[in-house]
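The values are calculated or read from the model by the stated rules, or taken from the named source; none is laboratory data. Keep in mind the model is a prediction, meaning the values are calculated, not measured. In this analysis, Cβ positions are derived from the backbone assuming ideal geometry, glycine residues included, and neighbour counts consider all displayed protein chains. The area values use the complete protein model at the heavy-atom level, side chains included, leaving out ligands, DNA and RNA. Shrake-Rupley method; radii C 1.70, N 1.55, O 1.52, S 1.80 Å.
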Amino acid sequence: MTETAETAPQGDWADRTEQAVLDAAIERAPALGWNARLTRAACEACGLSLGDQELLLPNGARDLAVLLSRRHDARALKALEATPASTMKIRERIAAAVSARMEAGAEDMEAAKRCAGFLSLPTNVDLGFKLAWETADHLWRWAGDTATDQNHYSKRAILGGILIPALTMRWFDGREAAEVFVARRIDNVMAFEKWKAGKDFDAPMRTLTDVLGRLRYGAKA
């Protein structure tokens, strides 16, 4: 079950109230957009004063965007529980993960559209990238990724680069167009990984290091 105000831990006022405000924001976003006005209206609907609002959501609509993204992440991961990653090839895992995340957001379609527009503003692009990275991390972990080297970061950066346009396409162009886009991007990534396999990208650096070493210490006899 996706966490809402009703299912959040009863002992945590902040969590319960955040989810209640998010519920109210999702309901009002189609009419108000995703902005400071929405934040205030959602808080008022939950009986929060301006002081309570500043305590709970100090960054206003940006904090609401974080709550929405994390709710959709949790919803996607819940849906993926019925799909054992170990039974699929890696490209199938990523396609399934991205599809689940797109459909998780589609349940709040109109609010997701407004939030996407908000995150596309120059002042909020940083947050959009941060949330895409966070989502990519969740999906890669579900897919079984355990990399701790540079691949940990490159995988999340690549998947984040797929997620941002894919989610936008899902909201505005529909599921079919988004799924086609994702499939093509995954094919492109897999082709690059196949080309990269066996390439020794560290060779130039080793060559440079060897040359510098000989210059400093002299060639070995």
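Listed values, structure above:
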| quantity | calculated |
| --- | --- |
| Pairwise label distance in nanometres, ASP187 with ALA157, each label 7 Å out on the Cα-Cβ vector | 2.6 |
| Protection-proxy order for peptides 72-83, 107-118, each taking the mean of Cβ atoms within 10 Å per residue, highest first | 107-118, 72-83 |
| Estimated FRET transfer efficiency (ASP149, GLU110; beta-carbon r; R0 35 Å; 0.05) | 0.25 |
| Simple label model, 7 Å out from Cα along Cβ direction - ARG37 to ARG175, nm | 3.3 |
| Debye log10 I(q)/I(0) at q = 0.13, 0.27 Å⁻¹ for segment 125-177, Cα point scatterers | -0.34, -1.02 |
| Segment 88-158, accessible surface, carbon-and-sulfur percent (1.4 angstrom probe) | 58 |
| Convex hull of Cα atoms in segment 87-167, direction-averaged projection (nm²) | 5.6 |
| Number of Lys pairs (Cα under 21 Å; 8 or more positions apart or on different chains) in segment 75-171 | 4 |
| Taking all pairs of distinct alpha-carbon atoms in segment 16-99, Kirkwood radius in angstrom | 14.4 |
| Segment 1-123 - accessible surface per residue (Å², probe 1.4 Å) | 48 |
| Solvent accessible area, Å² - THR135, 1.4 Å probe, full protein context | 10 |
| Cα-projected label distance for MET88 with ASP126, points at 7 Å along beta-carbon direction, nm | 3.4 |
